[in-house]
Amino acid sequence: MSIILSDISKNFGSFAALHNINLEVPEGELVALLGPSGCGKTTLLRIIAGLEHTDQGSVIINGENKTSQNVSQRGIGFVFQHYALFRHMTVFENVAFGLRVKPRHTRPSNEIIKKKVHALLDLVQLDWLHDRYPDQLSGGQRQRIALARALAVEPSVLLLDEPFGALDASVRKDLRLWLRNLHHDLNVTSIFVTHDQEEAMEVASQVVVLNHGHIEQQGSPSEIYDNPTNAFVSRFIGQTNVFDLDEHDNEWLRNVGIINANSTGRIAHVRPHDILIEKSESHQDATATLKDWQHLGALIRLELVKNDHHASKSLFAEMPKEQFKALALKIGDVVKLKIRHAHWFH
Amino acid sequence: MNTHTIPHTSAKDTVVRQQHALQDPKWVRWSLIAIALGFITLFICLPLGLVIYQALSKGIEAYWTALTQADTLAAIRLTLLVAIVTVPLNTLFGITAAWAITRFEFKGKSFLTTLIDLPFSVSPVISGFIFVLLFGAEGWFGKLLATYDIKIIFSAPGIILATLFVTFPFVARQLIPLMQEMGHQEEEAALSLGASGWKTFYSVTLPNIKWALLYGVLLCNARAMGEFGAVSVVSGHIRGLTNTLPLNVEVNYNDYDVVGAFASASILAGLAIVTLVLKTLLEWKQASR
Ligand SMILES: Nc1ncnc2c1ncn2[C@@H]1O[C@H](COP(=O)(O)OP(=O)(O)OP(=O)(O)O)[C@@H](O)[C@H]1O
Ligand SMILES: [Mg+2]
């Protein structure tokens, strides 16, 4: 079901954790709430769930204003960052909890509860752990049980706070894909919080970038990556090289093609893969020197130093491994740069 | 090769050295143990044994007669009444206070936390006097109470009030640190799954705090039954009416009724031993969680 947040603000004492948040999540979407630590992601999620009160603004779920409704009546599935499984209950009882606490007239019979819980445990592929206690599970297993528990009450909306935050890299990768597939199957409107841009890009159909309690940009992953609306988003999503016109030799910038007919603004951001590299014949037209390079799987990252009068930070460029091999570059070689695209900001 | 062996031996060295640091010479160890044991024997086991020895010094029959004399029975009844009223009330209070302090943000929270400890930091005698000052014949409410013919001081209500005051920190003190450490994520999870507040408390909070709660209740009970100072001030020592067991011990002793005094004392000693055993069990339960 759709979620609409209109003009939400939240202060903790004199600290403004969120200001004037407006956000629309269409039905069935999987949205990532992305932002640096302390920007208010958890706070926003808790407000949607009703675990935190707003100072201003309203939360509308499926057309109903839920702003003043109690958390236990909102019918929202919440997966906590540290899982918050009931430690004195078995996995089975954890998942069954939401069904057992339903009011008597809507509570399913024990038979149905049993069937449903096992079905959910099958869904998260952990039915064989049903009689374990939470402290006998691995982090990834706890995560999936927490998800099954939240799904048991058939929530209209699923909220996940850094669902993979406490897991190691390989488990994260597996679970990301799994979550995406699960969402595809269940199609429940979901918002998940992350501060890992790669995770957001990989899992979500929509990404909302949050900073200092307000929304910087919202859009599909490729929109956000290809057309960042401001310098913060550009820098936060993926690697970028920053060129401030005031701090650089404009001659050099013109040579490599950053400054061209359609340059607007004062600061240019250049993605590493938008820097093309050719081997330089003479030192005259050389624009940079190769300082170092690293393997990034199929890509090679090159660390370059500009050849101009302003000694400054290194630039980073990326190219496929094969291309790097073909160029046969060595550390200390001089190269010619061509920059094919830059984002301009003021 | 060398680079491999050097860190290896040095690591071994530190392990050995640590063992040395922890292990004092034998004579030090043994004398420390002896001192500790001697202390416990002299100040705990010996008095306890003596209580039982004295109670039975004139034979089991005399002991039984002393126990079943009307005043002693009345004292036992009053002590039980006090415990039955104060322990549940303070359990309720303790849970409420711990809940408020660990789950809500409010002004004066740290003041309340300090206030809970007040009964621990003032002498019980003073606690008793507070109630005399409030409800005694010359006290603030003395005249008012007299007009309605309500007796608080020198009767059971006063004893109960004084005991309530003295024992109220026990449960809260056990729960607050535990609930602080637990956080409230599990409770929030329960609420988000649709559980009511009461259901959340009953099926999520309570199972997590039950051993600590029982432990607090146990200590509260032991103190409620054994309190002397505060109760002594408000009771008036009326035989068969306002004497609790600890007061009965004193009254009998002052009357040179050694067997009577020690018979009452033996009940309290028995209570202490039972408390100790249960306390150990609960600690063991808590640790195994
Ligand atoms: N209960 C609270 N009282 C006071 N300040 C709070 C409270 N909860 C959050 N804050 C503040 O609000 C800001 C946003 O917090 P929030 O937990 O939403 O951040 P976050 O984006 O989830 O960060 P992280 O990625 O580190 O989890 C932080 O600066 C935090 O210090
Ligand atoms: Mg957070």
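Does A:H82 qualify as being facing chain B (nearest Cβ under 8 Å) and open to solvent by less than 60 Å² (accessible area, probe 1.4 Å)?
Judged against the criteria, A:H82 is not a match.
Answer yes or no: is there a residue in the stretch A:314-327 that is touching a His at 6+ places or on another chain (Cβ under 6 Å) and in a strand (DSSP E or B).
Yes; the residues of the stretch A:314-327 include at least one that is touching a His at 6+ places or on another chain (Cβ under 6 Å) and in a strand (DSSP E or B).
Can you tell me which residue within the stretch A:96-107, out of those that are closer than 17 Å to A:L120 by Cα and open to solvent by less than 30 Å² (accessible area, probe 1.4 Å), is nearest to the other protein chains (Cβ to nearest Cβ)?
Step by step, filter the stretch A:96-107, then rank; the result is A:G98.
Answer with yes or no whether B:F135 is more than 29 Å from B:K279 (Cβ to Cβ), of a type in the set (F, W, Y) and surrounded by 21 or more Cβ atoms within 10 Å (Cβ to Cβ).
Yes.
Results for (1) touching a Leu at 6+ places or on another chain (Cβ under 7 Å); (2) under 25 Å from B:V231 (Cα atoms); (3) surrounded by 18 or more Cβ atoms within 10 Å (Cβ to Cβ); (4) at pLDDT 85 or above, shown as yes or no for each residue.
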| residue | (1), (2), (3), (4) |
| --- | --- |
| B:L46 | no, no, no, yes |
| B:Y63 | yes, no, yes, yes |
| B:A70 | no, yes, no, yes |
| B:L81 | no, yes, no, yes |
| B:T91 | no, yes, yes, yes |
| B:E105 | no, no, no, no |
| B:K109 | no, no, no, yes |
| B:T114 | no, yes, no, yes |
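Counting just the residues of the stretch A:12-29 that are open to solvent by less than 80 Å² (accessible area, probe 1.4 Å), within 13 Å of ligand 1 (Cβ to nearest atom) and more than 14 Å from chain B (Cβ to nearest Cβ), which one comes out farthest from the chain's Cα centre (by Cα)?
Top of the filtered list is A:A16.
Here are some conditions: (1) within 27 Å of A:V101 (Cα to Cα); (2) open to solvent by 20 Å² or more (accessible area, probe 1.4 Å). A:Q197 meets all but one. Which one does it not meet?
(1)
Taking into account only those residues within the stretch A:30-59 that are open to solvent by 40 Å² or more (accessible area, probe 1.4 Å) and in contact with a Ser or Thr (Cβ under 7 Å, 6 or more places away or on another chain), which is nearest to A:K10 (Cα to Cα)?
A:D55
Looking only at the stretch A:130-144, decide whether some residue is within 16 Å of ligand 2 (Cβ to nearest atom) and touching a Pro at 6+ places or on another chain (Cβ under 8 Å).
Looking for residues that are within 16 Å of ligand 2 (Cβ to nearest atom) and touching a Pro at 6+ places or on another chain (Cβ under 8 Å), one finds at least one in the stretch A:130-144, hence yes.
Inspect all residues belonging to the stretch B:249-266 and state whether any of them is of a type in the set (S, T, Y), within 15 Å of B:A55 (Cα to Cα) and open to solvent by 30 Å² or more (accessible area, probe 1.4 Å).
Looking through the stretch B:249-266, at least one residue is of a type in the set (S, T, Y), within 15 Å of B:A55 (Cα to Cα) and open to solvent by 30 Å² or more (accessible area, probe 1.4 Å).
Within the stretch A:40-57, does at least one residue satisfy the condition of being away from ligand 1 (no atom under 13 Å from the Cβ), within 14 Å of another protein chain (Cβ to nearest Cβ) and more than 22 Å from the chain's Cα centre (by Cα)?
yes
Any chance you could count how many residues in the stretch A:62-79 are β-branched (V, I, T), within 14 Å of chain B (Cβ to nearest Cβ) and either farther than 15 Å from B:G194 by Cα or open to solvent by 60 Å² or more (accessible area, probe 1.4 Å) (or both)?
0
Among (1) within 30 Å of A:L276 (Cβ to Cβ); (2) in contact with a Pro (Cβ under 7 Å, 6 or more places away or on another chain), which single condition is A:N211 missing?
Among (1) within 30 Å of A:L276 (Cβ to Cβ); (2) in contact with a Pro (Cβ under 7 Å, 6 or more places away or on another chain), A:N211 violates only (1).
Taking into account only those residues within the stretch A:283-313 that are assigned to a loop (DSSP other than H, G, I, E, B) and within 17 Å of A:K330 (Cβ to Cβ), which is modelled with the lowest pLDDT?
A:A286
So, in the stretch A:224-250, exactly how many residues are assigned to a helix (DSSP H, G or I), open to solvent by less than 50 Å² (accessible area, probe 1.4 Å) and under 19 Å from A:C39 (Cβ atoms)?
Matching residues across the stretch A:224-250 total 5.
Would you call A:L123 more than 13 Å from chain B (Cβ to nearest Cβ), open to solvent by 50 Å² or more (accessible area, probe 1.4 Å) and either closer than 24 Å to B:E188 by Cβ or more than 26 Å from the chain's Cα centre (by Cα) (or both)?
For A:L123, the condition - more than 13 Å from chain B (Cβ to nearest Cβ), open to solvent by 50 Å² or more (accessible area, probe 1.4 Å) and either closer than 24 Å to B:E188 by Cβ or more than 26 Å from the chain's Cα centre (by Cα) (or both) - is met.
Restricting to the stretch B:164-186, and then to whatever is touching a Lys or Arg at 6+ places or on another chain (Cβ under 8 Å) and either open to solvent by less than 10 Å² (accessible area, probe 1.4 Å) or in a helix (DSSP H, G or I) (or both), can you tell me which residue is nearest to the other protein chains (Cβ to nearest Cβ)?
Across the stretch B:164-186, the extreme among qualifying residues is B:E186.
Give me a count of the residues in the stretch B:107-129 that are of a type in the set (A, V, I, L, M, F, W, C) and in a loop (DSSP other than H, G, I, E, B).
Of the residues in that region, 1 qualify.
Are any of the residues in the stretch B:61-70 of a type in the set (D, E, K, R), more than 15 Å from B:A265 (Cα to Cα) and assigned to a helix (DSSP H, G or I)?
Yes, that holds for at least one residue.
Among (1) part of a helix (DSSP H, G or I); (2) free of Cβ contacts under 8 Å to residues at least 24 places away in the same chain; (3) open to solvent by less than 20 Å² (accessible area, probe 1.4 Å), where does B:A195 come up short?
(1)
Looking at A:G332, A:G297 in this structure, which one is out of contact with any strand residue (DSSP E or B) (no Cβ under 9 Å at 6 or more places or on another chain) and either open to solvent by less than 60 Å² (accessible area, probe 1.4 Å) or closer than 30 Å to A:S220 by Cα (or both)?
One residue alone meets the criteria, A:G297.
How about the stretch A:140-173: which of its residues are farther than 30 Å from A:K66 by Cβ, of a type outside the set (A, V, I, L, M, F, W, C), open to solvent by 30 Å² or more (accessible area, probe 1.4 Å) and away from ligand 1 (no atom under 16 Å from the Cβ)?
Selection gives A:Q141, A:D168, A:S170, A:K173.
Return the residues of the stretch A:199-218 that are farther than 20 Å from A:V79 by Cβ and not in a strand (DSSP E or B); say none if nothing qualifies.
A:M201, A:H212, A:G213
Residues A:E111, A:E93, A:E162, A:E154: which one is within 16 Å of ligand 2 (Cβ to nearest atom) and either modelled with pLDDT of 90 or more or within 14 Å of another protein chain (Cβ to nearest Cβ) (or both)?
A:E162
Give the residues of the stretch B:243-277 that are part of a loop (DSSP other than H, G, I, E, B) and over 19 Å from B:G229 (Cβ atoms), sorted by residue number.
The answer is B:D255, B:Y256, B:D257.
Of all residues in the stretch A:31-53, how many are within 12 Å of ligand 2 (Cβ to nearest atom), among the small types (G, A, S) and under 15 Å from A:I21 (Cβ atoms)?
Number of matching residues: 2.
Determine whether A:P134 is in contact with a helix residue (DSSP H, G or I) (Cβ under 9 Å, 6 or more places away or on another chain), in contact (Cβ under 8 Å) with a residue 60 or more places away in the chain and not β-branched (V, I, T).
No: the conditions fail for A:P134.
The values are calculated or read from the model by the stated rules, or taken from the named source; none is laboratory data. Remember, predicted model here, so these are calculated numbers, not experimental data. Reconstructed Cβ throughout: ideal geometry from the backbone, glycine too, with neighbour counts over all protein chains shown. Heads up: the accessible areas ignore ligands, DNA and RNA and are worked out on the full protein's heavy atoms, side chains in. Shrake-Rupley method; radii C 1.70, N 1.55, O 1.52, S 1.80 Å.
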